Amino acid sequence: MYMGTVASMSGAVMWGGNYLMANTSEKQFGPWDVCAALFVMKALHQGVMPWTVLNSFNSWVKYALWVGAACLVWYDPQPIACGTAIGFVLCKAHPRFRGIPVAPGK
């Protein structure tokens, strides 16, 4: 339910923003809004930050994840910003998605 809500809300925000900016060439968006919202939920509920997850891999996989993250932030920031904001609002304001906050490192 969380991922569906994030995808629907961020899709509507991004589609509406593109429509207002007269940029209707982009019709679909990647899953990065949902990924960003899941990182927000993991950070708020379990205290695990996104860079901890990215650094948990070894060798070339860690490098590939960091390069991919940098490319996404540089070339496609709109879904990441929408997913992060909507995920934060849902985790803080909606009673169904509020979890018991855990202190980082515990």
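The values are calculated or read from the model by the stated rules, or taken from the named source; none is laboratory data. Everything numeric in this text was worked out from a predicted model, so none of it was measured. Here the Cβ positions follow ideal geometry from the backbone for every residue, glycine too, while neighbour counts run over all protein chains shown. Side chains included, ligands, DNA and RNA excluded: accessible areas come from the protein's heavy atoms. Shrake-Rupley method; radii C 1.70, N 1.55, O 1.52, S 1.80 Å.
Pairs, please: C-beta under 6 Å, at least 6 apart or cross-chain, first residue crowded, with 17+ Cβ neighbours inside 10 Å and in the range 68-83, second aromatic (Phe, Trp, Tyr)?
From residues that are crowded, with 17+ Cβ neighbours inside 10 Å, the pairs are Pro79/Phe29; Pro79/Trp32; Ile80/Trp32.
Does the range 84-95 hold any residues that are surrounded by 11 or more Cβ atoms within 10 Å (Cβ to Cβ) and either touching a His at 6+ places or on another chain (Cβ under 6 Å) or in a helix (DSSP H, G or I) (or both), and which are they?
Result: Thr84, Ala85, Ile86, Gly87, Phe88, Val89, Leu90, Cys91, Lys92.
Which members of the range 39-79 meet the condition of being in contact with a helix residue (DSSP H, G or I) (Cβ under 9 Å, 6 or more places away or on another chain), closer than 22 Å to Val6 by Cα, not β-branched (Val, Ile, Thr) and not in a helix (DSSP H, G or I)?
Once the filter is applied, which keeps residues that are in contact with a helix residue (DSSP H, G or I) (Cβ under 9 Å, 6 or more places away or on another chain), closer than 22 Å to Val6 by Cα, not β-branched (Val, Ile, Thr) and not in a helix (DSSP H, G or I), the range 39-79 yields Met49, Asp76.
To keep it simple, each residue is scored yes or no on (1) among the basic types (Lys, Arg); (2) within 17 Å of the chain's Cα centre (by Cα); (3) modelled with pLDDT of 90 or more; (4) farther than 15 Å from Phe39 by Cα.
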residue	(1), (2), (3), (4)
Ser56	no, no, yes, no
Lys62	yes, no, yes, yes
Cys71	no, yes, yes, yes
Thr84	no, yes, yes, no
Phe88	no, yes, yes, no
Pro101	no, no, no, no
Gly105	no, no, no, yes
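Report every pair of residues separated by at least 6 positions or lying on different chains whose Cβ atoms are under 7 Å apart, first residue within the range 1-22 and without any contact (Cβ under 8 Å) to a residue 12 or more places away in the chain, second of a type in the set (Val, Ile, Thr).
Asn18/Thr24
Taking the conditions exactly as written (modelled with pLDDT of 85 or more, within 15 Å of the chain's Cα centre (by Cα) and open to solvent by 40 Å² or more (accessible area, probe 1.4 Å)), does Trp32 satisfy them or not?
Here the answer is yes, as Trp32 does meet what is asked.
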